[in-house]
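The values are calculated or read from the model by the stated rules, or taken from the named source; none is laboratory data. Everything numeric here is computed off the predicted structure, so don't read it as measured data. Cβ placement follows ideal geometry from the backbone for every residue including glycine, while neighbour counts extend to all protein chains displayed.
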Amino acid sequence: MEVVRMRFSNRVFFGPGSAAKLEEESRALGAKHALVVTDKGIREAGLLDHALEPLRAAGAEAEVYDDVPPEPPIEALEKCFDVYRKQKFDLVVGIGGGSPLDVAKSMSVLLTNKGEVRDYLGTDLVPKPGTPSIMIPTTAGTGAEATPNAIFSIEEEKVKKAIVSSHVIADVAILDPALTLGLPPKQTAASGVDALTHCLETYVALNATPISEMFSLEGMRLISRSVRSAVHNGRDLEARADMLLGSYYGGVCLAGASAGAIHALSYPLSGRRHVPHGIGNAMLFPHVMEFNYVSDLNKFAVIAETLGEDVDGLSVREAAEVSVDAVRTLCEDVGVPTTLRELDIDTSAIPELAEAAARITRILDFNPRRMTKEDIIGVYERAAG
């Protein structure tokens, strides 16, 4: 048995009203000058005050950077770094969805390490710890508050690349489901299914561990029991809490195990067709499940039960097949796209997409079933609609 390594934030706060813990944590860190990274939507929604008021109460001056676009290109991070690279901050706070959190986590390490932004694209290239960081997610999807990754589009290469380092993991994660109550149904659905893919893919990944599997299963249980309620009754605080905690568990899993073919095939959709990451993952989810389930019937049978399906009296293979149907039904129930046609992508794009996906071996190598370029083409074709 190999030694298992998992990486976590130092502290995690969870529950309605936990955003107020930012004051206590800022005081504990002795913060006097904080950089707050967010986006304009968070400011317009009034959610930014959940960061600014506790910081002021703690006696910290805050500078706000809110020019983070969705699915940020690397230039968005470079722009932020150019603005603040000569300033001294003792705390970085990210509040918002995965995009501002990824910029915030990156700024934390850029402020303490020499060099330029693109020097750190890759794995374990960040030499020194970053400025202390606190992440406050307002969506339940990416799990960015827990991951060691910060992902950016490289437009000229039509790919996504990441800064991957244990130094990128936030020091503190604050999970306040009350901040997610205003999330629209479509975004709730896409981000929720995205979080479910994180939990499921890491559970069946070839590098899954007993610890990551524990978080994967609980994340799947929480999300599958509450995503429908969160989408169709967005004021259901218990459902929102399940989603936020499940999303966090998905992020924890990604710190200890790999995503798989869903993500590998989704990245070209984002990089080449500008499909939002969560939408791409959701669309591919049932189609990749159908390809993968024969690789480990026992695990996929467990997935079916974890998703709330009745598998009593079924053979292992039958139960595994139920897991595929369960995911397909869930995606239909919450209204996420399940075909390329719904994303306005013609089948003529499939060879180009498959060529790009086949090169993402850092993820495909851990998919539970070996996938050739022809297999990838087959999945895209089944997803054509």
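Scanning segment 106-113 turns up at least one residue that is outside any helix (DSSP H, G or I), over 21 Å from the mean Cα position of the chain (by Cα) and over 15 Å from VAL36 (Cβ atoms).
Listed by first and then second residue, the pairs with beta-carbon distance under 6 Å, at least 6 apart or on different chains, first residue in segment 362-385 and within 24 Å of VAL336 (Cα to Cα) and in contact (Cβ under 8 Å) with a residue 12 or more places away in the chain, second in a helix (DSSP H, G or I) and among the hydroxyl-bearing types (Ser, Thr, Tyr), are ALA384/THR347. ALA356 fulfils the conditions (1) surrounded by 19 or more Cβ atoms within 10 Å (Cβ to Cβ); (2) under 18 Å from PHE285 (Cβ atoms) except for a single criterion, (2).
Checked against (1) of a type outside the set (A, V, I, L, M); (2) farther than 19 Å from GLY98 by Cα; (3) in contact with a Cys (Cβ under 8 Å, 6 or more places away or on another chain), HIS232 meets all criteria but (3). Scanning segment 209-238 for residues that are touching a Ser or Thr at 6+ places or on another chain (Cβ under 6 Å) and either farther than 15 Å from LEU330 by Cα or of a type outside the set (A, V, I, L, M) (or both) returns SER212, SER216, LEU217, ARG221, ASP236. Of all residues in segment 189-215, those that are on the phi < 0 side of the Ramachandran plot have Cβ atoms under 6 Å from Cβ atoms of residues that are of a type in the set (S, T, N, Q) and surrounded by fewer than 24 Cβ atoms within 10 Å (Cβ to Cβ), 6 or more apart or on another chain, in ALA205/SER258; ASN207/SER258. Considering VAL231, VAL168, VAL193, VAL227, the condition of being of a type outside the set (S, T, N, Q) and in contact with a strand residue (DSSP E or B) (Cβ under 8 Å, 6 or more places away or on another chain) is satisfied by VAL168 alone.
Cβ-Cβ contacts under 9 Å between residues 6 or more apart (or on different chains), taken from a first residue in segment 12-37 that is without any contact (Cβ under 8 Å) to a residue 40 or more places away in the chain to a second residue that is acidic (Asp, Glu), are listed as ALA20/GLU53; ALA20/ASP176; GLU23/GLU53. There is at least one residue in segment 116-139 that is out of contact with any helix residue (DSSP H, G or I) (no Cβ under 8 Å at 6 or more places or on another chain) and part of a helix (DSSP H, G or I). SER191 satisfies every condition listed in (1) in the same structural domain as CYS80 (by TED's automatic domain parsing); (2) buried (at least 22 other Cβ atoms within 10 Å of the Cβ); (3) not hydrophobic (A, V, I, L, M, F, W, C) except (1).
Those helices (runs of 4 or more DSSP H) of segment 1-102 in which 1 or more residues are of a type in the set (Ser, Thr, Tyr) and either more than 25 Å from the chain's Cα centre (by Cα) or within 28 Å of VAL117 (Cβ to Cβ) (or both) occupy 21-29, 74-84.
Evaluation of VAL93 against the conditions (1) aliphatic (A, V, I, L, M); (2) under 25 Å from TYR267 (Cα atoms); (3) out of contact with any Gly (no Cβ under 9 Å at 6 or more places or on another chain) shows that the sole unmet condition is (2).
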